[in-house]
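None of the figures in this text is laboratory data; all of them are computed from the coordinates on show. None of these values were measured; they are calculated from a predicted model. Note that each Cβ is placed from the backbone with ideal geometry, even for glycine, and that neighbours are counted across all protein chains shown.
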Amino acid sequence: MKNIVIGVGNLLFKDEGVGIYASKYIEENYKFEGNLEIVDGGTLGFKLMSYFQDYDNVIILDTVSIEDKVGGIYRLPSDVLLGLGNYRKTAHEVEIVEMLEICSVLKKHAQVTIIGIIPQDIEKVEIGLTSEIEQAFEGFINTAITEIESIGVKAFKINNKSIKDIAQGLIGSYNGEHLSRVPNEEDIRYANVL
């Protein structure tokens with residue numbers, strides 16, 4: 001069996017990046033016995049279609065736009081997700097459901113399950129999770145690990161890296177380290193004179 005966990009979202013829009021943080025957190029803190037790949041699907045949208053066709057089990061970590069309390073965690077098999085109608089609010093939610101609709105008519109496609117969390121803020125252009133999602137993050141990870149084990153892959157916790165450490169590793173180039181490499185206005189004028 002070919003199994004994959006895909007974290008999707010956009011790190012630039014607060015809680016919209018939770019799926020990416022979660023996939024990286026799992027990759028850094030767990031080892032697995034069995035066939036499991038973990039990828040950062042980011043905002044690839046329809047480019048994720050090949051995973052839906054080439055794998056037996058696909059677990060997607062993402063936000064879900066369902067009217068419920070912030071931090072609520074849902075396990076949504078593809079048939080349930082398809083039955084929710086117009087719940088979709090973000091571009092990648094729309095694309096995932098459209099890919100599932102396309103795959104449902106193909107002879108071979110993966111069993112797709114979404115582990116989703118209800119976000120607090122997916123509109124503010126700011127890197128990092130809201131405190132509400134940080135508080136719910138451990139439950140989100142535990143739900144994902146339970147789902148991974150349900151497909152026959154055994155998980156073992158090997159590290160205790162915090163979400164803060166994971167986030168800093170992912171967004172290192174945004175946390176100010178890059179500023180020493182950006183030329184200032186005087187440097188640019190000097191280069192133009194030469």
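Electrostatic tally near Glu27: other residues with Cβ closer than 12 Å to its Cβ, Lys and Arg +1, Asp and Glu -1, net 0. Of the cross-linked pairs Lys69/Lys154; Lys24/Lys154; Lys2/Lys24, those separated by over 26 Å at the C-alpha level are Lys69/Lys154. A simple rule links phi to the HN-Hα coupling: the Karplus curve 6.51 cos²θ - 1.76 cosθ + 1.60 with θ = phi - 60°, which for the range 23-33 gives 5, 5, 4, 5, 4, 7, 10, 10, 10, 10, 10 Hz, with x for Gly and Pro. In terms of packing, defined here as the mean over residues of other Cβ atoms within 10 angstrom, the peptides 50-62, 18-30, 67-79, 143-155 line up highest first as 18-30, 50-62, 143-155, 67-79.
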